[in-house]
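For reference, the structure is listed below as structure tokens.
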């Protein structure tokens, strides 16, 4: 039977061995980071938006125009808080969170945009150059989607249950409308530096897949960058990493 002193020695040796193992793994990770061409699996970065309550939906603001005759606003109820009455953007559809790098590469599969119930989803789409977009008509009746700047997406009828593909011809912002349904509206932003994108939930929480290394995160709302860029550095481990600072979206970006 081992003596007390022997057991203590074994415990110390075991702890020392675990420490040496951790140090070796850390050293290997550090060395790999400095070796060109070494690829790592994508890491899930988790963050949160700040200032999303300041993103006002322009469609509702346009509808307030009495000449539009599109919407009737009732008198405010004294039992409902003013912040609740504010018609802010619907985050999961209208706010795109984009990781910016040196140059983005289009995905092999098209980006899907659904048309149904009088809306397009998502509303703000940010893609790199050369990315194909597939519009799927979920309604039983046709739509005629077109870009208002006449930059290549003509008003061709897409029957109910059918789809239509389009690749934006160049970098820039494209506002999309529907000749048959005025409420259908979306923005496509072709950003050459876009390497990944995602959408937040209703509370402003989001997750985005990023390669290890430095990145810039930026939010887009209704076809425009909003708030501030957030510099983040992703390490190879762990596979899920919370971002220390929020992504600010409720301030006007500086020129």
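The values are calculated or read from the model by the stated rules, or taken from the named source; none is laboratory data. Note that the structure is a prediction, hence the values are computed from the model and not measured. Note that each Cβ is placed from the backbone with ideal geometry, even for glycine, and that neighbours are counted across all protein chains shown.
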Worksheet entry | Residue within region 150-159 that is within 11 Å of residue 188 (Cβ to Cβ) and in contact with a helix residue (DSSP H, G or I) (Cβ under 9 Å, 6 or more places away or on another chain) present | no
Only one of 183, 163 is closer than 18 Å to residue 114 by Cβ, in contact (Cβ under 8 Å) with a residue 60 or more places away in the chain and in contact with a strand residue (DSSP E or B) (Cβ under 8 Å, 6 or more places away or on another chain), namely 183
All conditions in (1) touching a helix residue (DSSP H, G or I) at 6+ places or on another chain (Cβ under 7 Å); (2) over 21 Å from residue 47 (Cβ atoms); (3) outside the structural domain of residue 121 (by TED's automatic domain parsing) are true of residue 185 except (3)
Kindly check whether there is at least one residue in region 206-220 that is free of Cβ contacts under 8 Å to residues at least 12 places away in the same chain and farther than 17 Å from residue 111 by Cα. no
Restricted to region 212-235 and to residues being assigned to a loop (DSSP other than H, G, I, E, B) and modelled with pLDDT of 95 or more, the residue nearest to residue 103 (Cα to Cα) is 212
Counting only residues in region 84-128 that are in contact with a helix residue (DSSP H, G or I) (Cβ under 8 Å, 6 or more places away or on another chain) and within 22 Å of residue 218 (Cβ to Cβ), the one surrounded by the fewest Cβ atoms within 10 Å (Cβ to Cβ) is identified as 88
Checked against (1) surrounded by 21 or more Cβ atoms within 10 Å (Cβ to Cβ); (2) not assigned by TED's automatic domain parsing to the domain that holds residue 88, residue 179 satisfies every condition except (1)
Original post:
Out of all the residues in region 129-152, is one or more at pLDDT below 95 and surrounded by 13 or more Cβ atoms within 10 Å (Cβ to Cβ)?
Top reply: yes
Check your understanding: Does residue 177 satisfy the condition of being in contact with a helix residue (DSSP H, G or I) (Cβ under 8 Å, 6 or more places away or on another chain) and at negative phi?
Key -> no
message: Is it the case, given these coordinates, that residue 177 is at pLDDT 95 or above, farther than 26 Å from residue 58 by Cα and in contact with a strand residue (DSSP E or B) (Cβ under 7 Å, 6 or more places away or on another chain)?
response: no
Of the conditions (1) exposed (fewer than 15 other Cβ atoms within 10 Å of the Cβ); (2) assigned by TED's automatic domain parsing to the domain that holds residue 55; (3) in contact with a strand residue (DSSP E or B) (Cβ under 9 Å, 6 or more places away or on another chain), the single one that residue 202 does not satisfy is (3)
If we take region 83-130, then strands (runs of 3 or more DSSP E) inside it with 2 or more residues that are under 26 Å from residue 159 (Cα atoms) are 111-116, 119-121, 124-127
